[in-house]
Every structure is written in structure tokens, then in C-alpha cells.
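What follows is a set of notes on a single structure, which appears directly below.
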Amino acid sequence: MRYTLEVQKLLNRANQENIHPKDAGKLLIQAIQIADANEDVELGYELRSDLMDKEWGLSDRSEFVSLFSWMLNAYDADPENYDVEELLWKYKWIINELYSNPDVSLAQIEQVLEDYKRRLEEKGLGIRSYYSKQLNEALYQQDAAKSTVFLDLVNAHSRDELSDCRACEMDTEVTYLINEGNFGNAYTKALPLIQKQFTCAHVPVITFCQLCYMAIKNNEPEKAAELFQQAEEGLQECEDDSSLITSIGSLIVYLFYTDKDKGWHYIEKYLPWADSTKTSRRFFFSMNMAEALKQEDQEKEIVIELPHDHPLYSSSNRYIVKDLYDFYYNQAQQYASEFDQRNQNNNFSIQLEKALS
């Protein structure tokens, strides 16, 4: 069929080695439109799955939820025609994305979680991953009580095909110890990751970033410098992965304690990644920016190139540090308020207050 040849050409271009994920995504959207126009559901499903794979490494996943919703409906209409485990794995991504959007209510998230759990049980799969999603959110909120409850529930269930990989689960345990404020125990727990005995797409890069931040806060500059170097090496292998913007924010804090010039270089390089997202990733980056900028002379004028669509953009590229600090503090405060209202607690506001105290 002629339209399948058109789709294949777009796919070939989208899968070129050096293409940016955003550009690949645009080509896949064109391919999806062709498949839909020809009522080819199976091809539309496959292309949407490919587009989700491309968007996974972006801070701005604008199509994520709608893509998956379409796929879920197609699966339910003809379940024998699609791989359920692959679909459920992407369901895990969607749960994370819903948690990270303050406009999605707790009731909606609970409904999605229960649907995910039902599908697991119907296929004879365990519910370890169901509890892992709730553990991850508790850790993001730094809710100590809930983190302990869900960590125990995760460990009470056996690993299966939908469980996070061992590297990711180990990184989760490191985060748990970091949130407890125990850098020594967290570093010890992370040693297999630091030594790269276990790896995944983002692990141990995100582990290095977390530990680097904690090391400098724990007044261990030599260990922090070593972890920063390892984080930088890892980032070189993920040059287009803007979903790592939260981890990069942690490194910016480290740099403003140790090398402000390089810190400003990082800000200039990575700001476009942060500005492209509207989710919790933007809250954490804004909080990190405020914490970093607080270490700088507030009256200092700096020369830095901001993205043209940045609210503070000036063609002169000259800015007062206090203006930048105020912008990111206010932005973090706004997001904290939105998440706290949704979550019916003050966990994000507490994190912001703690970071700036």
C-alpha cells in the first residue's frame, strides 16, 4: 500500500542516529496522521508506541498521555493483538506523568492506579510495581512516613516482569536514605551503582547527581567533586535527554558552592530544557536555581544568554542576580502551592523552605 511506504520513509528519517528526539517526534506525528487517515489501527498503535519511546527522554512530553490513552483503548478493543507487558510498562510511565502534573487530581490518579493494579492482577502479574509508583511519589514529596510504608510494601512482593530493574530499585533505596538525611548510609548503599555493577538508562547518572548534591551539603567537598566528575561523564552519554533536568539542577547547586563561573555556564546551557516543561520537573529545577543563586552576590550584574521566550529575557544579556533569584524563587513557590493544594499537604513547600534555609 502506498501510504505504508510514506510511513516507512518517515520512520527511517525518525530513526536516524543523530536526529534529535523532538525532530524524530515530529516525523512520527506525521506518520501517525497518515496511519489514522487510512484507519490502520495496528500501525497507529505501533507508531504511537515509538513516539512514546522518543518522548520518554524529553522534559516536555506533550503527547504522552493522549498517545497512551489511544493505545489503551485500542488494546481493550482487541487485546489479543497487542503485547500487554509492553503496554503495562508504558502505563508505569503514565502514572509518573500524572503525578507530576498538579492539574491532575488525587482522585483521578487513584482511579488510574487501581486500573493499573486490576490489569496486573488479571494477567497474573504481581503488584510490586503498583506499590513502586506510590513509593516514588512519596519520595518526591519527601514524605517520610509514606515512604517507609510503601518501601515495605514493595519489598513484601516478589519481583516480576513489571518490576523496575535492579539499578532503578537500588537508586530508589538510595533516595530513601538521602531523604532520611543519612549521607553515609546512602553512599554505602549506592556503591554497586557508583562502581557500575548495575546500570540503566538514567542510573547511575541520577544517583551521582543526588549524591553530589548531598556531599557538598554534608561538607564533603572531595567526595562531591568526585561524584560531580562521574555525573558529567554520564551526562555526555545522554546529551539530548532533557528529562534529566531535575538532576542537572542538583549539579548547578553544587557548582555555585564550588565554581560559580561553571555554574553560570550550566545555567545558560540547560535553561531551555527547564523552560520546556510544565511539570514537577520545573518545580525541582526552580527550587535548585533559587538555592544556587542564593550563594551568589545578589547585587552582581552578570552576562548570560537566556532563551528568547524567557520572561526575563533582555537583548543586552545583562541581568542582576537578585532578579533571577526572585524569578525562580517565586516560580518554585507557585508550583509548590499548586502541588500542595493537589496533594492536600505542604510537602513541596517544606522542601523549598528547607533548601533555602
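The values are calculated or read from the model by the stated rules, or taken from the named source; none is laboratory data. Since the model is a prediction, treat every value here as computed from it, not as a measurement. Glycine gets a Cβ as well: all are built from the backbone with ideal geometry, and neighbour counts include every protein chain shown.
Summed over segment 75-103, residues that are buried (at least 16 other Cβ atoms within 10 Å of the Cβ) and assigned to a loop (DSSP other than H, G, I, E, B) total 4.
Count of segment 109-119 residues, restricted to those that are farther than 22 Å from Arg282 by Cα and either in contact with a helix residue (DSSP H, G or I) (Cβ under 7 Å, 6 or more places away or on another chain) or assigned to a loop (DSSP other than H, G, I, E, B) (or both), is 5.
Looking only at segment 143-183, residues that are assigned to a helix (DSSP H, G or I) and touching a residue at least 60 places away in the same chain (Cβ under 8 Å) come to 0 in all. Aromatic (Phe, Trp, Tyr), part of a loop (DSSP other than H, G, I, E, B) and out of contact with any strand residue (DSSP E or B) (no Cβ under 7 Å at 6 or more places or on another chain), is that true of Phe228? For Phe228, the condition - aromatic (Phe, Trp, Tyr), part of a loop (DSSP other than H, G, I, E, B) and out of contact with any strand residue (DSSP E or B) (no Cβ under 7 Å at 6 or more places or on another chain) - is not met. Every condition in (1) over 25 Å from the mean Cα position of the chain (by Cα); (2) surrounded by 18 or more Cβ atoms within 10 Å (Cβ to Cβ) is met by Lys300 except one, and the failing one is (2).
I'd like to know if segment 260-278 contains one or more residues that are farther than 23 Å from Ser59 by Cβ and not assigned by the TED database to the domain that holds Asp103. Don't jump to the end; show me each part of the working.
Taking segment 260-278 and keeping what is farther than 23 Å from Ser59 by Cβ, we get 260-261.
When the remaining residues are screened for being not assigned by the TED database to the domain that holds Asp103, the result is 260-261.
Scanning segment 260-278 turns up at least one residue that is farther than 23 Å from Ser59 by Cβ and not assigned by the TED database to the domain that holds Asp103.
Does Phe256 satisfy the criteria of being more than 14 Å from the chain's Cα centre (by Cα), hydrophobic (A, V, I, L, M, F, W, C) and either at pLDDT below 95 or assigned to a helix (DSSP H, G or I) (or both)? Here the answer is yes, as Phe256 does meet what is asked.
Kindly establish whether Leu211 is under 24 Å from Lys90 (Cα atoms), surrounded by 14 or more Cβ atoms within 10 Å (Cβ to Cβ) and among the aliphatic types (A, V, I, L, M). So Leu211 does not fit the description; no.
The residue of segment 113-143 that is farthest from Thr279 (Cα to Cα), among those that are crowded, with 17+ Cβ neighbours inside 10 Å and of a type in the set (Asp, Glu), is Asp143. Does segment 39-73 hold any residues that are buried (at least 20 other Cβ atoms within 10 Å of the Cβ), assigned to a helix (DSSP H, G or I) and of a type in the set (Gly, Ala, Ser), and which are they? Matches in segment 39-73: Gly44 only.
If I ask for residues that are assigned to a helix (DSSP H, G or I) and either of a type in the set (Val, Ile, Thr) or surrounded by fewer than 19 Cβ atoms within 10 Å (Cβ to Cβ) (or both), which ones from segment 184-204 would you list?
Pass one, segment 184-204, residues assigned to a helix (DSSP H, G or I): 184-194.
Within segment 184-204, Gly184, Asn185, Thr188, Leu191, Pro192, Ile194 qualify.
Which of the residues that make up segment 280-323 are touching a strand residue (DSSP E or B) at 6+ places or on another chain (Cβ under 9 Å) and without any contact (Cβ under 8 Å) to a residue 12 or more places away in the chain? Show your work before the answer.
Within segment 280-323, the first condition is being touching a strand residue (DSSP E or B) at 6+ places or on another chain (Cβ under 9 Å), and the residues that meet it are 296, 298-304, 306, 312, 316-321.
Residue satisfying the conditions is Ser316 alone.
Considering only residues that are aliphatic (A, V, I, L, M) and without any contact (Cβ under 8 Å) to a residue 60 or more places away in the chain, look in segment 261-279 and name the one that is farthest from Asn96 (Cα to Cα).
Residues of segment 261-279 aliphatic (A, V, I, L, M): 267, 271, 274.
From the residues that got through so far, the ones that are without any contact (Cβ under 8 Å) to a residue 60 or more places away in the chain too are 267, 271.
Numbers: Ile267: 26, Leu271: 23 Å.
Checking each candidate, the answer is Ile267.
Select from segment 32-64 the residues that are among the aliphatic types (A, V, I, L, M) and at pLDDT 95 or above and list them in ascending order. Break it down stepwise before answering.
Narrowing segment 32-64 to residues among the aliphatic types (A, V, I, L, M): 32, 34-35, 37, 41, 43, 47, 51-52, 58.
Ile32, Ile34, Ala35, Ala37, Val41, Leu43, Leu47, Leu51, Met52, listed by residue number.
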